[in-house]
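Right, one structure below, let's go through it.
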Amino acid sequence: MRLPPLKLRRGDRAVLESWTRAATVEARVAKRARIVLLAAEGTSNRDIAELVDLHYNQVGMWRQRYTEFGLTGLDDLERSGRPPVYDHDDVLLLVKLVTEPPPDAATRWTMEALAEAMAAHGVPISASQCWRICDALDLKPWQVESWMTSHDPDFWEKAGDVCGLYLDPPENAVVWSVDEKSGMQAKSRVNPTLPTVPGIPARRGFEYRRHGTAVLFAGLNVHEGDVAGWVTDSTRSENFVEFLGDLVVQTPAGLELHCIVDNLSAHTTAQVREFLDEHRHVHLHFTPTHASWLNQVELFFSILERRLLRHGEFDSVDDLADRIIAFINDYNRRAAPFRWTYDGRPLKAA
């Protein structure tokens, strides 16, 4: 029995014809529109099936969908999807395991270890599925965040003292922010580094030679911005005392000298106390414990690391020392003090 021509709803023909012509319409939608238009011309389902390369049963289905729902009937139906393989209790078990210490001899969970632990509880699961569940719950057992808290009972008194030197320095005084940058490695590449060319970044080999390490004693003149530096072999107290002597020489006569330092043991030895007794115009101000971020010279160390040390190649410790001093001299040509706000946000160069 031949079906009568499909009756189109008012205004649908123009829409259907535009769907068959538009390049932006999905192919399957255009095909369904063509089925409805052919059916409206009285073409049989079998003939339509040959023209659009579908089974005639599917042609009949889209014809029926249009009859019942109009143009909206040509949309795809919502799919229920694959039913969950792991139920609520399985997910809770995974969360319980991943928030507990990992198995013996391990320091962190891996997805493979988590899958093995789940299997030991009677829930066979793949490592990839463990990852999907963790990702959906925003659990990241492979990550560790570190923080450091100062438990110094005099934290606010010391912090206020340091910030006071930044914001309201004493008259007739120079304020130096002093610290040591240790463990700087003099390294050179076994194979020469290839320079940057258009379209290709600089390239360097993995292998390198170690030539030793050095320590930089540095003082930042807080209110002028210039840096005094001295490269040596260790953070021993006698080296610290000798650097303080250099700062005394660089400070104009008649001015008090205030040095902000951290709590390194080399800063509190008998040698340091003897130096302070001999130089009554030199005063040390200690940051709270675990709060060296209050020391502005750390900002200069960050600049030095990024601009010189991180990608630098040095043939010897002496070469490293010479390059550091040359960097400091160049830095001082345009040095400016850092803006200090103490509002909880990172410091910025002025």
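If you filter the stretch 173-259 for chymotrypsin sites (Phe, Trp or Tyr not before Pro), then keep DSSP loop positions with at most 10 other Cβ within 10 Å, what is left?
206
How big, in percent, is the set of alpha carbon pairs in the chain lying more than 34 Å apart?
61
At 222 nm, what value in deg cm²/dmol follows for the chain if DSSP H runs of at least 4 each add -39500 (n - 2.57) and the sum is divided by all its residues, to the nearest 500?
-12000 deg cm²/dmol
Applying the Karplus parametrisation 6.51 cos²θ - 1.76 cosθ + 1.60 with θ = phi - 60° to the phi angles of the stretch 131-142, what ³J(HN,Hα) value in whole Hz is obtained for each residue in order, glycine and proline being reported as x?
4, 4, 5, 4, 5, 5, 9, 6, 9, 10, x, 7
Can you pull the percent of the chain's accessible area that's carbon plus sulfur, 1.4 Å probe, other chains left in place? Intermediate values should be presented prior to the final figure.
Details: 11310 of 21730 Å².
Carbon and sulfur together cover 52 percent of it.
Relative to the first principal axis of the alpha-carbon coordinates of the chain, what is the inclination of helix 88-98, with its axis defined by its Cα atoms, in degrees from 0 to 90 and to the nearest 10?
The angle comes out at about 20 degrees.
With a cut-off of at most 16 other beta carbons within 10 Å, and DSSP calling the residue loop, which trypsin sites (Lys or Arg not before Pro) in the stretch 185-246 qualify? Please list them.
204, 236
Between residue 236 and residue 91, what is the FRET efficiency for a Förster distance of 45 Å, r being their Cβ-Cβ separation, to the nearest 0.05?
The computed FRET efficiency comes out at 0.20.
Using just the C-alpha positions of the stretch 134-196 as equal point scatterers, what log10 of I(q)/I(0) does the Debye formula give at each q in 0.12, 0.20 1/Å?
Calculated log10 I(q)/I(0) at the listed q: -0.80, -0.96.
Test of the criteria: in the stretch 30-59, which trypsin sites (Lys or Arg not before Pro) are in a DSSP loop and have at most 11 other Cβ atoms within 10 angstrom of their Cβ?
Passing both the DSSP loop test and the Cβ count: no residue.
If the cut-off is a Cα-Cα distance under 14 Å, which aspartates and glutamates reach residue 7, setting aside same-chain residues fewer than 8 apart in sequence?
Cα-Cα hits under 14 Å: 41, 68.
What is the helix-to-structure angle for 237-250, meaning the angle in degrees between its Cα long axis and the longest Cα principal axis of the chain, kept from 0 to 90 and rounded to the nearest 10?
The two axes meet at around 80 degrees.
Taking the Cα atoms only, what angle lies between the long axis of helix 111-120 and the longest principal axis of the chain, rounded to 10 degrees?
70
Over the chain, give the accessible area per residue in Å² for a 1.4 Å probe, as an integer. Can you show the working numbers first?
On the way: 21730 Å² over 350 residues.
That works out to 62 Å² per residue.
Could you tell me what a quarter of the Cα convex hull surface of the stretch 40-116 works out to, in nm² with one decimal place?
The number I arrive at for the stretch 40-116 is 9.6 nm².
Given the options 228, 327, 163, identify the residue whose Cα lies farthest towards the positive end of the charge dipole of the chain (+1 on Cβ of Lys, Arg; -1 on Cβ of Asp, Glu).
The residue sitting farthest along the positive end of the dipole is 327.
Cross-link candidates for residue 140: which aspartates and glutamates have Cα within less than 17 Å, leaving aside residues fewer than 8 places away along the same chain?
Once the sequence-local aspartates and glutamates are set aside, what remains near residue 140 is 100, 112.
Give me the mean projected area, in nm² to one decimal, of the convex hull enclosing the Cα positions of the stretch 51-193.
Values: hull surface 105.9 nm².
Reported value for the Cα convex hull: 26.5 nm².
Can you work out the base-10 log of I(q)/I(0) for the stretch 186-332 at q = 0.10, 0.14, 0.15, 0.21 1/Å, using the Debye formula on its C-alpha atoms alone?
So the normalised log intensities work out to -0.44, -0.78, -0.87, -1.41.
The values are calculated or read from the model by the stated rules, or taken from the named source; none is laboratory data. Since the model is a prediction, treat every value here as computed from it, not as a measurement. All Cβ positions, even for glycine, are placed from backbone atoms using ideal geometry, and neighbour counts span all protein chains on display. Just so you know, the surface numbers come from the protein's heavy atoms only, side chains and all, with ligands and any DNA or RNA stripped out. Shrake-Rupley method; radii C 1.70, N 1.55, O 1.52, S 1.80 Å.
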